[in-house]
Amino acid sequence: MKRSILSLWSWFALGVIVIVWTPIVFVVWIATTPFDKGRYATGYTFRRLCVLHQWLNPMWKFKTSGQLPANKRNPYVMVSNHESFVDMLLLSHLKMEMKYLSKESILRIPLVGWMMKMSGDVSLLRGDRSSGAAALVVCEKWLKRKMSVMIFPEGTRSSDGEMRSFKDGAFVLAIRTQTPMLPVVVHGTRSALRKSDWRMGDAKAEVRVLEIIETTGMTLDDVPALRERVRDAMIAEIAKMRLAA
């Protein structure tokens, strides 16, 4: 009963915040678009919504660790494991802006999807190869505008908490544009919101920034090695986080 009541409160709080935040993001978008080609201000404003909601949610305790780049406007191809829909809310606590590669269905959600579009998040139709290729082209345009992009290389959420195999897209993008990669790992979000359950759960979740991996001089032949290098580093870090939890 307590969990249901707290979940109702948290969903209500999220709904109110989204309604209030949408016109704020719209004003920032209109005011900054002429000179902010990377939509940095719009995206950063939008993602503060997630921070506010976590403060109002008594069941969730989020934290960040690791070292973000000194210059957050240097572009990176960022990759993260994917435990839960809540991952995106947790990642928004990182104090830098990035454009998310996200399912097209999420960008269709009223208000939230509108803010994602204003922020420049990239739409992807899962299972459609042409959509995936087009999405990477859009990501490349953001990188050229000095904006980082965030990709979940597993493609979908893990059903058992174990990291799935990685798809090549993020690594092809990084090598093709000679952009450094910035891996991050999330841990603890599975209990925050489980599949097929509207109720939220108690969660102490963390996002940790790992070391930058340079791609200068790599060719597309190096994609498999880069992919496994990044995945191995992320698996090792998650193991440490689980031991410390």
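If you go through segment 150-203 and pick out every residue that is of a type in the set (S, T, N, Q) and on the phi > 0 side of the Ramachandran plot, you end up with 2. Restricted to segment 158-185, and to residues there that are farther than 16 Å from ARG231 by Cβ and at pLDDT below 90, the residue that is surrounded by the most Cβ atoms within 10 Å (Cβ to Cβ) is SER159.
Being more than 25 Å from PHE26 (Cβ to Cβ) and within 16 Å of the chain's Cα centre (by Cα): is that true of ASP87 here? Here the answer is yes, as ASP87 does meet what is asked. Within segment 187-239, the set of residues being more than 19 Å from LEU89 (Cβ to Cβ), out of contact with any Lys or Arg (no Cβ under 9 Å at 6 or more places or on another chain) and basic (Lys, Arg) comprises ARG229, ARG231. Within segment 37-72, being surrounded by fewer than 16 Cβ atoms within 10 Å (Cβ to Cβ) and farther than 30 Å from ARG190 by Cβ holds for LYS37, ALA70, ASN71. Taking segment 18-71 only, how many residues are in contact with a strand residue (DSSP E or B) (Cβ under 6 Å, 6 or more places away or on another chain) and either under 11 Å from SER119 (Cβ atoms) or assigned to a helix (DSSP H, G or I) (or both)? Count: 1. Scanning segment 193-214 for residues that are in a loop (DSSP other than H, G, I, E, B), surrounded by 11 or more Cβ atoms within 10 Å (Cβ to Cβ) and touching a residue at least 60 places away in the same chain (Cβ under 8 Å) yields ARG194, ARG199, GLY201, ASP202, LEU210, ILE212.
In segment 217-229 there is no residue matching the filter, namely being in contact with an Asp or Glu (Cβ under 7 Å, 6 or more places away or on another chain), basic (Lys, Arg) and either under 22 Å from LEU8 (Cβ atoms) or assigned to a loop (DSSP other than H, G, I, E, B) (or both).
Within segment 37-61, residues that are more than 16 Å from GLU206 (Cβ to Cβ) reach partners that are among the basic types (Lys, Arg) with beta carbons closer than 7 Å, at six or more positions or on different chains, in the pairs LYS37/ARG145; GLY38/ARG145; GLY38/LYS146; GLY43/LYS99.
Every condition in (1) surrounded by 15 or more Cβ atoms within 10 Å (Cβ to Cβ); (2) part of a loop (DSSP other than H, G, I, E, B) is met by PHE85 except one, and the failing one is (1). Sort out which residues of segment 116-157 are among the polar types (S, T, N, Q), at pLDDT below 95 and either under 17 Å from the mean Cα position of the chain (by Cα) or closer than 24 Å to PRO69 by Cα (or both), and write them in order of number. Answer for segment 116-157, where residues must be among the polar types (S, T, N, Q), at pLDDT below 95 and either under 17 Å from the mean Cα position of the chain (by Cα) or closer than 24 Å to PRO69 by Cα (or both): SER123, THR156.
The values are calculated or read from the model by the stated rules, or taken from the named source; none is laboratory data. These numbers were taken from a predicted model, which means no experiment stands behind them. For neighbour counting, all protein chains shown are included, and Cβ atoms are generated from backbone atoms with ideal geometry for every residue, glycine included.
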